[in-house]
Every structure is written in C-alpha cells, then in structure tokens.
Amino acid sequence: MLEIHQFPCLTDNYGFLLHDPDSGETAAIDTPDGAEYLRQADLKGWRITQVWNTHWHPDHAGGNAAIVAATGAKIVAPREVERISPIDRVIDYRDTVALGAWEAHVIDVSGHTNGHIAYHLPEAGVAFVGDSLFALGCGRMFEGEPKQFWDSLGRIKGLPRETMLYCAHEYTQANARFALHADPDNALLKLYAGEIDRKRAAGQPTVPMSLARELDTNPFLRADEPALQDRWGGAGAAETFARLRAAKDSF
C-alpha cells in the first residue's frame, strides 16, 4: 500500500512524502523546506529518490537543490520550474509518472501559475494539487486568466468524487470565512466551517480534504451554479469565478 506522510513546514505549508514499500522508492511532493523533508524522511527510514514539483514558486521548489545534494533524487517537474531549479525530467499535461508500481497522471491546473500541474494517483484515490485548489478556496491568479483557471478547476471537479485532495497550505479557516460570505445560505458549508474551527482549535490539520465535500461547499468550484451566479453576477461561470477570486483578493 502506498504510504503518505504529511507534515507542517515553513509558516503554513504542508510537506508530503510518498513511499512505496515494495520498491523502496520515496517521492517528495514539492520541496518548500529541503532540510525538513530530509529530516522527516530520515525519521521514517526512507530515502527520497524523486521530487515531483507542481509549480515553480520557491515555497514549492526551493528545497530541490538540498534534497538532490543529500540523496541524488531525480527532479520531475513542469518546465517552469527551470526558473529556480534544474530538472531531470520535464513533464507536461497528460504525461504519467511512476513511483514503483504506482502511477500518477499529470493534470493541467494552470492559473495560479501558467505551468501549474497536479498529480492524480487513481489507484490510491488521491491527488496532489499544489496551490491550484485549497480546502474551501483556490490559489491566487498570479499568472493565468479566469477562463484558464476555471477550466483547470473543472479538471479537478471531474475526478472521482471520493478522491482525497492534498493541497499545500493550511489556509482553511480564512478560506471558510470568505466562503461563508460568498455563499451564506449553504447549510453544508456552515457545518464544514464549524468542523474546521474545532480541528484548528485542537491543532489538527484540515488537509487532506474530500473532493465530494469541496464540490458541495467550495464557492470557487461552484461558480457554474445558479445560486452563486445570482449572487455574484457574471455572464458565465468563468466570469463568476473571476468575480469571486477578485472579491477574495480584497476580503
């Protein structure tokens, strides 16, 4: 069985190590803090053999060099990561990558950055989505355009509902406050927000999150629904999404 080790690092990032016991391989999903990744791998008795980057931002690829120097791991990444790190294998949308017998499908989730990708491991029922989607939120649109980002979220929406999503930051309480502002009549969202507050008060993570629950509660995934369009306007889902994203930026 694929093992997933999640741990906090930097201020509000999560780090993820994937380990395949059969092959002995371990992949780092992004590298916000190379030293902490190496420490966590050592605690687990694992050696990092691959790094799978989602996008080029330093809190996602900034630890690549430290991990390569310590382990000789191979960097697998979209081409944009070349801005800050050498890459051993450049990957693009619709490619696959492997950790032992486990296969991950590369998905276009551009919008936060123009080359942002996600890794979906269908047999494990998980996807690592970087900063494209957060629990009750989505990434800032630093490089992309609204339709591009909305189409990317559509690809996440199209994954099996039971998929567990691993995002890269613990932003959920702040996201919940905006979500309640954006969609105040959503009873499922109110229940979710209360659960999030209880988890954070107990020092527990809100990641990973269920795609099924996000589909019911995350306003950025629901910009095509009449209730959100009536409240926020826009000639279509991409425009409603853009209005939501702009409102969140100044919330």
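For region 3-249, please report how many Lys pairs fall under 22 Å Cα to Cα, leaving out neighbours fewer than 8 apart on the same chain.
Lysine pairs meeting both conditions in region 3-249 amount to 7.
Under a GNM of the chain (C-alpha, springs under 10 Å), which listed residue has the highest mean-square fluctuation: G45, G15, G139?
Between G45, G15, G139, it is G45 that shows the largest mean-square fluctuation.
Modelling each spin label as a point 7 Å along the Cα-to-Cβ direction, I'd like the S210/E195 distance in nm, to one decimal.
0.6
I'm a student and want to see the number: the projected area of the Cα convex hull of region 112-213, averaged over all directions, in nm². Display every interim value, and only then the final one.
Numbers: hull surface 26.5 nm².
Over every viewing direction, the Cα hull of region 112-213 projects on average to 6.6 nm².
Given labels modelled 7 Å from the Cα in the Cβ direction, how far is it in nm from A202 to E123?
3.4
Search the structure for amide H atoms under 5 Å from the amide H of L133, placed 1.01 Å from N in the peptide plane, and list their residues when 5 or more places away or on another chain.
Correct list: G139.
If you stretched the chain out fully between N114 and R177, how much longer would it get, using 0.36 nm times the residue separation minus the C-alpha to C-alpha distance?
19.9 nm
Measuring from centroid to centroid over Cα atoms, what is the spacing of region 152-178 and region 211-251 in Å?
14
Between V51 and residues 5 or more places away or on another chain, which pairs have amide H atoms under 5 Å apart, with H built 1.01 Å from N, and which residues are they?
For V51, whose amide H was placed from the backbone, the distant partners under 5 Å are A28, K74, I75, V76.
Given a Förster radius of 25 Å and the C-beta distance between E162 and R94 as r, what FRET efficiency does 1/(1 + (r/R0)^6) yield to the nearest 0.05?
On the way: r = 23 Å, r/R0 = 0.91.
E between E162 and R94, to the nearest 0.05, is 0.65.
If you project the alpha carbons of region 25-94 onto their three principal axes, what span does each projection cover, largest first, in Å?
Dimensions of region 25-94 along the principal axes of its Cα atoms: 33, 22, 17 Å.
Can you put S85, S23 in order of Cβ neighbours within 10 angstrom, beginning with the fewest?
Details: S85 19, S23 13.
Least crowded to most crowded, the residues run S23, S85.
Which is the longest stretch in the chain that no exposed loop site breaks, taking sites as trypsin sites (Lys or Arg not before Pro) with a DSSP loop state and at most 15 other Cβ atoms within 10 Å?
By the stated rule (loop sites, at most 15 other Cβ atoms within 10 Å), 1-93.
Among L244, V68, F134, whose Cα projects farthest towards the positive end of the dipole of the chain, with charges put on the beta-carbon of Lys, Arg (+1) and Asp, Glu (-1)?
Sorting the options by dipole projection puts first L244.
Provide, as a two-decimal number, the C-alpha radius of gyration of region 51-155 over 2.2 N^0.38 Å, N being how many residues it has. Display every interim value, and only then the final one.
Numbers: Rg = 13.5 Å, N = 105, 2.2 N^0.38 = 12.9 Å.
Dividing the Cα Rg of region 51-155 by 2.2 N^0.38 Å gives 1.04.
How large is the Kirkwood hydrodynamic radius of region 3-249, counting all unique pairs of alpha carbons, in Å?
About 18.2 Å, per the Kirkwood formula over Cα pairs.
Nothing charged except the Cβ atoms of Lys and Arg (+1) and of Asp and Glu (-1): what's the magnitude of the dipole of the chain about its Cα centre? Round to the nearest 20 debye.
420
Starting from the 7 Å offset along Cα-to-Cβ, what nm value, one decimal, do you get for the label separation of R231 and D12?
Each label point is offset 7 Å from its Cα along the Cβ direction, giving 2.1 nm.
Which GluC sites (Glu not before Pro) in region 152-251 pass both tests, a DSSP loop state and at most 16 other beta-carbon atoms within 10 Å?
Sparse-neighbourhood loop GluC sites (Glu not before Pro): E162.
Taking the Cβ of each residue in M141, M209, M1, M164 as the centre, tally the other Cβ atoms inside 10 Å and list the residues starting with the fewest.
So the residues, fewest neighbours to most, are M1, M164, M141, M209.
Bear in mind that the values in this text are calculations on the coordinates, not laboratory data. Only a predicted model underlies this, so the values are computations on that prediction, with no experimental measurement involved. Glycine also receives a Cβ, built like all others from the backbone with ideal geometry; neighbour counts cover every protein chain displayed.
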